[in-house]
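The values are calculated or read from the model by the stated rules, or taken from the named source; none is laboratory data. Fair warning: this is a prediction, and the values are worked out from it, not measured in the lab. Note that each Cβ is placed from the backbone with ideal geometry, even for glycine, and that neighbours are counted across all protein chains shown.
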């Protein structure tokens with residue numbers, strides 16, 4: 001059948017379907033690529049590869065006007081990924097990454113194929129989504145009222161703060177916050193997403209009170225109590241206290257039970273940012289640090305960190321039902337909002353919500369909660385082993401006592417001042433990343449530059465610990481002393 005508009009569309013496009021012309025061949029290639037990637041993740045590769053000039057040139061090419069061979073394009077994509085840094089590799093210890101579980105990859109492919117949008121009623125996907133939320137809450141020991149998956153810790157923390165804002169400042173959604181002198185409290189080790197959430201909620205960064213920490217870098221409860229009392233006396237309205245369950249820098253867990261005591265007495269919303277550390281609440285090794293978690297009003301946990309999922313996959317959990325609808329409920333003429341119809345969009349900041357929960361749901365189904373606990377225990381053991389090895393090594397010093405799976409340490413050489421050691425460790429971190437055998441990052445603890453290793457990858461084995469120190473010591477001894485001493 002010829003249409004009146006056919007002459008406007010080139011013949012090549014009229015005859016090119018959106019479906020792959022060689023599905024079987026492409027899927028066979030994809031299976032090969034995934035197998036090769038997973039096998040390479042199971043063992044450390046010698047170093048991170050350099051990006052060759054030919055690849056750089058091809059990635060600067062103009063927009064293609066004509067179709068290309070699918071399998072050739074897929075091959076290019078894999079070559080690009082192979083020349084990229086992946087947190088799934090066992091020697092990637094620089095930041096809080098992920099294991100990139102294989103089952104989660106399968107779930108990602110399935111969810112992308114069906115492309116369900118969980119901001120609207122999505123049938124059985126809604127039920128699975130809520131089941132996965134309940135599983136997360138059960139795993140960490142949190143009494144669930146409501147919750148959902150989000151794009152990341154930033155969105156989860158913002159969601160919690162907006163719910164807290166509407167409770168503390170009724171009508172703020174309608175009238176704004178100009179008539180209030182609002183405050184939010186967190187430790188001076190809290191993640192920068194808290195400051196961003198305060199800004200995005202319209203409270204202004206001056207509303208954020210940074211509470212000092214103790215010798216273990218945990219929020220000082222006495223200082224929190226004093227700040228709340230002082231602000232109330234001066235006419236401020238506290239909106240929320242944000243405790244951290246696993247700081248990014250050192251993995252410190254704030255004293256949740258004592259902070260909950262203060263919040264209950266003051267009638268202030270308690271949010272726990274456990275984006276990194278919260279899965280450790282399920283372990284026998286570290287679970288005691290999380291006493292009082294069940295008294296929080298809301299909790300953030302990133303499944304794309306210590307749960308091993310691919311990005312992005314975070315969860316926001318609330319102890320009571322109602323605050324999310326109070327913060328986000330609305331009506332649109334093109335959507336059904338009757339009480340008997342699913343309306344997830346009335347409980348979330350996002351309008352487009354991919355089926356993120358399928359990753360965790362399928363992974364929990366395949367592996368089971370006991371295996372996840374064992375994996376997390378293994379990463380805690382790796383961190384404890386590194387800390388022990390650092391204490392015993394003459395060329396290293398421990399920068400803090402680890403609570404979870406993050407270890408900061410310094411390479412030290414005789415005769416260097418503190419400032420010279422700072423410069424030395426900055427250069428060493430750069431040298432380690434350039435060398436590529438392990439991937440560490442620099443950090444500053446108590447004003448001193450150090451190296452930071454974070455163990456959250458289930459593929460990382462105890463023998464990696466020796467590799468980390470061997471590489472750091474080898475490279476650290478290659479710098480000429482006079483050059484190190486004058487580098488700032």
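For segment 99-122, a residue qualifies if it is touching a residue at least 40 places away in the same chain (Cβ under 8 Å), closer than 19 Å to residue 303 by Cα and not in a loop (DSSP other than H, G, I, E, B), and the qualifying residues are 102, 103, 104, 105, 106, 107, 108, 110, 111, 112. Per the conditions (1) loosely packed, with under 12 Cβ neighbours inside 10 Å; (2) at pLDDT 85 or above; (3) under 19 Å from residue 437 (Cα atoms), the sole criterion not satisfied by residue 32 is (3). Residue selection: residue 327 satisfies the criterion of being buried (at least 22 other Cβ atoms within 10 Å of the Cβ), touching a residue at least 60 places away in the same chain (Cβ under 8 Å) and either in a helix (DSSP H, G or I) or out of contact with any helix residue (DSSP H, G or I) (no Cβ under 9 Å at 6 or more places or on another chain) (or both). Entry remark, segment 390-420: residues being modelled with pLDDT of 95 or more and in contact with a strand residue (DSSP E or B) (Cβ under 8 Å, 6 or more places away or on another chain) number 18 in total. Residues that are surrounded by fewer than 20 Cβ atoms within 10 Å (Cβ to Cβ) and at pLDDT 95 or above do occur in segment 267-278. If you go through segment 182-192 and pick out every residue that is closer than 21 Å to residue 226 by Cα, part of a loop (DSSP other than H, G, I, E, B) and touching a helix residue (DSSP H, G or I) at 6+ places or on another chain (Cβ under 8 Å), you end up with 0.
Summed over segment 199-209, residues that are farther than 21 Å from residue 253 by Cα and either touching a strand residue (DSSP E or B) at 6+ places or on another chain (Cβ under 6 Å) or in a loop (DSSP other than H, G, I, E, B) (or both) total 5.
To keep it simple, each residue is scored yes or no on (1) modelled with pLDDT of 85 or more; (2) touching a helix residue (DSSP H, G or I) at 6+ places or on another chain (Cβ under 9 Å); (3) on the phi > 0 side of the Ramachandran plot.
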| position | (1), (2), (3) |
| --- | --- |
| 70 | yes, yes, no |
| 76 | yes, yes, no |
| 92 | yes, no, no |
| 95 | yes, no, no |
| 108 | yes, yes, no |
| 119 | no, yes, no |
| 123 | no, no, yes |
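Can you tell me which residue is surrounded by the fewest Cβ atoms within 10 Å (Cβ to Cβ) among those in segment 447-462 that are in contact (Cβ under 8 Å) with a residue 60 or more places away in the chain and part of a loop (DSSP other than H, G, I, E, B)? Selected residue: 462.
Any residue at all in segment 36-55 that is modelled with pLDDT of 85 or more and either in a loop (DSSP other than H, G, I, E, B) or closer than 30 Å to residue 245 by Cα (or both)? No, there is no match, as no residue in segment 36-55 is modelled with pLDDT of 85 or more and either in a loop (DSSP other than H, G, I, E, B) or closer than 30 Å to residue 245 by Cα (or both).
If a residue has to be more than 26 Å from residue 448 (Cα to Cα), in a strand (DSSP E or B) and under 28 Å from the mean Cα position of the chain (by Cα) to count, how many in segment 210-263 make the cut? The number of residues fulfilling the criteria is 5. Looking at residue 441, is it at pLDDT 95 or above and either closer than 28 Å to residue 83 by Cα or surrounded by 16 or more Cβ atoms within 10 Å (Cβ to Cβ) (or both)? So residue 441 does not fit the description; no. The single condition from (1) in a helix (DSSP H, G or I); (2) crowded, with 20+ Cβ neighbours inside 10 Å; (3) under 19 Å from the mean Cα position of the chain (by Cα) that residue 195 fails is (2). Filtered by the rule that a residue be modelled with pLDDT under 90, assigned to a loop (DSSP other than H, G, I, E, B) and surrounded by fewer than 16 Cβ atoms within 10 Å (Cβ to Cβ), segment 163-179 gives 171, 176, 178, 179. Within the option set 125, 132, being crowded, with 16+ Cβ neighbours inside 10 Å and either in a loop (DSSP other than H, G, I, E, B) or in contact with a strand residue (DSSP E or B) (Cβ under 9 Å, 6 or more places away or on another chain) (or both) holds for one residue only, 132. Give the residues of segment 421-435 that are under 23 Å from the mean Cα position of the chain (by Cα) and modelled with pLDDT under 90, sorted by residue number. Correct list: 433 only. In the set (1) modelled with pLDDT of 95 or more; (2) in contact with a helix residue (DSSP H, G or I) (Cβ under 7 Å, 6 or more places away or on another chain); (3) not in a loop (DSSP other than H, G, I, E, B), residue 138 fails one condition alone, (2).
Within segment 366-377, the set of residues being surrounded by fewer than 19 Cβ atoms within 10 Å (Cβ to Cβ) and either under 19 Å from the mean Cα position of the chain (by Cα) or closer than 20 Å to residue 281 by Cα (or both) comprises 367, 368, 369, 370, 371, 373, 374, 377.
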